[in-house]
Amino acid sequence: MQNYSLEKGILTYSGYEMAFSKWVENHESSSHPEDAALANYTKLNFNRSNRIHNTVHIHENLAKKIINLEKKYEWWVITESWCGDSAQCLPIIAELAHLNPIHIQLTIFLRDRNPELMNRHLTGNSRSIPKFIILDESETHELAVWGPRPEPAQQILLDWKKKEDPKTWEEFELELHTWYAKDKTQTFQNELIQLFNEVLI
């Protein structure tokens with residue numbers, strides 16, 4: 001059982017949403033309250049997250065998989081408020097967890113306040129987020145790890161990092177989130193269906 005607290009950066013999803021709202025209200029972010037750029041990303045991501053909650057349609061077979069679970073699971077997500085990929089993906093995870101609160105316990109870990117957990121789930125040498133971790137009920141055995149973004153979005157990042165692409169960071173961000181907007185969470189939901197079919201009972 002997690003010891004939830006904002007100071008430790010361990011929150012229920014409802015607690016994370018409340019904190020998210022406060023960060024926006026105070027022009028702050030989850031990891032560096034004094035950083036204006038991260039505060040701006042936080043506000044943008046708050047709006048993205050709310051839009052997805054209000055408009056997403058969960059695939060019928062994905063919803064059935066969650067509703068019909070027979071075992072209990074812990075779902076952990078490592079994130080920060082300023083992370084654009086998290087704003088696109090975490091709301092889907094939360095919507096799914098909400099379908100079966102008896103069998104799924106969703107816990108949010110803020111990356112910068114939980115470095116040991118983050119360092120166990122690097123992407124190469126990068127502390128990329130979000131990371132979605134599925135554990136058994138005892139929290140002793142990791143069944144699967146997903147992240148930090150759907151495969152096509154990851155490819156957009158890798159192509160940009162090759163430096164053959166002359167795009168600026170702002171242009172890269174626009175391309176990435178344009179892809180998310182056009183995809184409408186379909187790729188992420190399909191990746192989750194594949195993942196859940198492999199590890200959830």
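With one equal scatterer per alpha carbon and no solvent term, the Debye-computed log10 I(q)/I(0) for the chain at 0.09 1/Å reads -0.33. For segment 80-90, 3J(HN,Hα) computed residue by residue from phi via the Karplus equation (6.51, -1.76, 1.60; θ = phi - 60°) reads 8, 5, 7, 7, x, 5, 5, 4, 7, 10, 4 Hz, glycine and proline entered as x.
Counting only helical runs of four or more DSSP H residues, what would the 222 nm mean residue ellipticity of the chain come to if each run contributes -39,500 (n - 2.57) and the total is spread over all its residues?
Roughly -16000 deg cm²/dmol at 222 nm, from the helical runs in the chain.
Amide H contacts of L143: I134, L135, D136, each under 5 Å away and 5 or more positions distant or on a separate chain (H built 1.01 Å from N in the peptide plane; Pro and chain starts excluded). Charges were assigned to the Cβ only: +1 to each Lys and Arg, -1 to each Asp and Glu. The resulting dipole of the chain about its Cα centre is roughly 160 debye. Over all alpha-carbon pairs in segment 31-91, figure out the percentage whose distance exceeds 20 Å. When every Cα pair of segment 31-91 is considered, 43 percent fall beyond 20 Å. Near the amide H of Y73, within less than 5 Å, lie the amide hydrogens of I104, Q105, all on another chain or at least 5 residues away, with H placed in the peptide plane.
Counting every alpha-carbon pair across segment 94-201, the share separated by more than 16 Å comes to 67%.
For S49, neighbours were defined as the other residues whose beta-carbon sits under 13 Å from its Cβ, and their charges (Lys and Arg +1, Asp and Glu -1) total -1.
Values in this text are rule-based calculations from the coordinates and carry no lab data. Predicted, not measured: the structure shown is a model, and the values here were computed from it. FYI the Cβ positions are ideal-geometry reconstructions off the backbone, even for glycines, and counts take in every protein chain you see.
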